[in-house]
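The values are calculated or read from the model by the stated rules, or taken from the named source; none is laboratory data. This is a predicted model, so every value here is computed, not measured. When we count neighbours, we look across all protein chains shown, and the Cβ atoms used for this are built from the backbone with ideal geometry, even at glycine.
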Ligand SMILES: Cc1ncc(C[n+]2csc(CCOP(=O)(O)OP(=O)(O)O)c2C)c(N)n1
């Protein structure tokens with residue numbers, strides 16, 4: 001897109017809301033990082049630290065009834081779309097109080113009541129699912145839209161092109177939100193991704209590239225895309241350039257066995273570009289909020305995280321018989 | 001003989017075969033830094049022409065394996081987790097398994113696909129499948145299920161030298177396990193089962209990952225005076241039917257242990273073969289110890305409910321003998 005359709009906003013209230021949501025994601029994930037390190041979590045966790053502006057800047061525009069699909073790195077999308085911290089934590093702890101009853105875990109957090117069609121362990125798996133949800137919304141004419149969050153790595157799956165084609169032809173109310181965090185597992189994106197991802201999308205639809213560590217830039221790009229989707233103009237592509245601060249997976253150092261695929265200096269440089277610190281500085285500089293107000297937010301989030309972790313830890317383990325009842329609706333496997 | 005980890009034995013086989021034949025190439029997602037550990041060190045030794053990280057695009061990778069093999073290379077494709085067979089399945093089922101027949105035998109497809117399979121580590125439903133039954137049904141594809149380091153090395157070397165597509169199913173939970181591996185150019189022929197323990201009372205056929213549990217079950221049963229004959233088929237396609245039939249003719253009882261879901265599992269196939277070809281030798285019903293027809297849940301407690309274990313195997317043997 002060359003011209004911006006929406007030049008107003010975000011409002012002060014929206015900015016504070018996004019600050020709060022980004023901080024919530026960060027603090028929850030720091031807790032997951034620590035609990036993973038001490039062996040409290042049964043499965044692998046892929047952390048979103050450093051990418052919070054991407055999920056939050058987009059979801060700030062969405063209604064509860066809109067749809068999102070997410071990836072293996074899905075905690076941030078889940079929380080940004082309004083998922084419950086407690087229910088997510090308990091899921092990652094494999095408890096029956098978890099949002100998927102301990103059946104899905106970190107890589108599969110989903111809450112259909114909030115429009116969260118789920119994180120996905122198959123890279124690229126969410127693209128077509130989001131297109132299907134957008135198709136259903138279009139058929140229903142209920143004004144809902146769908147957002148597909150995916151990584152730079154997923155953009156190399158053929159389904160990316162196939163989905164863009166059908167979404168464009170059918171003018172689906174769909175947003176392709178590509179978070180380019182510069183890595184696919186231990187492989188730098190530039191070694192496996194030819195050209196610019198946004199150029200692939202340009203063959204089909206308006207495409208824009210934004211600084212993914214600037215929540216205001218993401219919010220503005222998403223405002224246009226949401227506007228297009230809601231007014232029946234079809235899909236839009238956004239590429240947010242960002243950086244994965246943590247390893248691909250928390251067990252990464254063990255898996256690498258001393259191998260290296262990026263520079264520590266690079267990680268430090270990007271850590272300085274933290275989207276949350278950046279928004280905080282902006283809020284203080286523009287006198288949108290005094291430091292004390294931001295500290296209050298921090299304190300209240302600390303409480304939410306502590307409560308969520310305690311809730312997760314205290315929950316009953318998942319029901320080992322449940323799987324048999326869940327394979328089919330209305331029938332036992 | 002030297003003790004080696006399962007994953008190290010695979011790594012040794014890759015080094016030896018790439019050294020032996022310059023036409024052997026290897027590609028896959030994150031093989032350079034070796035996300036599974038098995039390809040570690042290959043890049044430094046053989047360079048990027050022969051081992052290379054790919055984009056995430058399994059549908060293309062399986063197709064490229066077919067093309068490069070048809071054009072004269074010996075291809076090793078690493079698919080990481082066996083669930084990614086599904087994203088690459090078209091070229092496996094429609095090309096790899098059929099092209100030789102469709103071209104009237106004009107080409108050979110020396111392709112070895114590596115992937116880790118199995119549950120028990122809370123990786124949830126999309127990273128824990130045991131999908132060899134679907135591969136067995138494709139036709140034209142060898143299916144290898146090494147249960148220990150020695151067989152891993154020998155079967156992999158055999159696969160790389162062979163002229164047909166082979167899927168080398170790595171037991172994901174077994175990577176760190178140690179076993180004696182013969183020195184030198186150790187090869188294991190396809191279709192040759194190993195009798196891991198001799199016994200007169202019941203035949204237990206255990207596949208891949210399940211062999212260890214079956215050995216533990218055999219120990220438990222030995223204490224109760226039941227002598228189990230443990231057969232490890234080592235390859236499912238081709239299947240050493242004769243070895244299983246011989247064992248059942250000796251014991252009269254068959255229990256098959258398989259980590260695949262029950263319906264149309266490898267265990268189902270083996271049970272059918274015995275019912276068909278050795279019915280007269282059976283003194284009781286065949287029992288299958290498999291995973292129920294349920295996707296693998298995340299919670300460890302729910303996974304344990306589904307996966308075979310030494311106790312469930314021993315119980316199945318006891319039931320088979322009592323029937
Ligand atoms: C179909 C499929 N192939 C491979 C994998 C293994 N895998 C998991 S995450 C990942 C990298 C994904 O990169 P990207 O899409 O950029 O997302 P990021 O991890 O950077 O958030 C890979 C290769 C998978 N889960 N699914």
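Computed values, structure above
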{"read-out": "Selection status of residue A:128, part of a helix (DSSP H, G or I) and within 21 Å of residue A:184 (Cβ to Cβ)", "value": "yes"}
{"read-out": "Breaking point among (1) within 14 Å of chain A (Cβ to nearest Cβ); (2) under 23 Å from residue B:133 (Cα atoms); (3) assigned to a helix (DSSP H, G or I), for residue B:301", "value": "(2)"}
{"read-out": "Number of positions in region A:165-191 that are crowded, with 23+ Cβ neighbours inside 10 Å and more than 10 Å from the ligand (Cβ to nearest atom)", "value": "7"}
{"read-out": "Conditions (1) away from the ligand (no atom under 16 Å from the Cβ); (2) in contact with a helix residue (DSSP H, G or I) (Cβ under 9 Å, 6 or more places away or on another chain); (3) part of a helix (DSSP H, G or I): number failed by residue A:144", "value": "(3)"}
{"read-out": "Residues that are away from every other protein chain (no Cβ under 14 Å) and either more than 17 Å from residue B:109 (Cα to Cα) or under 24 Å from the mean Cα position of the chain (by Cα) (or both), drawn from region B:69-82", "value": "B:69, B:73, B:74, B:75, B:76, B:77"}
{"read-out": "Qualifying positions in region B:82-129 - assigned to a helix (DSSP H, G or I), more than 15 Å from the ligand (Cβ to nearest atom) and out of contact with any strand residue (DSSP E or B) (no Cβ under 8 Å at 6 or more places or on another chain)", "value": "B:93, B:94, B:95, B:99, B:100, B:101, B:102"}
{"read-out": "Selection from region A:70-111 of residues that are within 14 Å of another protein chain (Cβ to nearest Cβ), within 16 Å of the ligand (Cβ to nearest atom) and not in a loop (DSSP other than H, G, I, E, B)", "value": "A:106, A:107, A:108"}
{"read-out": "In region A:122-131, the residues that are within 16 Å of the ligand (Cβ to nearest atom) and either away from every other protein chain (no Cβ under 14 Å) or more than 19 Å from residue A:228 (Cβ to Cβ) (or both)", "value": "A:122, A:123, A:124, A:125, A:126, A:128, A:129, A:130"}
{"read-out": "Selected residue [part of a helix (DSSP H, G or I) and buried (at least 21 other Cβ atoms within 10 Å of the Cβ)] from B:76, B:56, B:10", "value": "B:10"}
{"read-out": "Unique match (being surrounded by 24 or more Cβ atoms within 10 Å (Cβ to Cβ) and within 12 Å of chain B (Cβ to nearest Cβ)) among A:119, A:134", "value": "A:119"}
{"read-out": "Checklist (1) out of contact with any helix residue (DSSP H, G or I) (no Cβ under 9 Å at 6 or more places or on another chain); (2) assigned to a helix (DSSP H, G or I); (3) within 16 Å of the ligand (Cβ to nearest atom) applied to residue A:201, failing item", "value": "(1)"}
{"read-out": "Selected residue (only one of B:154, B:199, B:140, B:176 is assigned by TED's automatic domain parsing to the domain that holds residue B:303 and either outside any strand (DSSP E or B) or more than 16 Å from the ligand (Cβ to nearest atom) (or both))", "value": "B:199"}
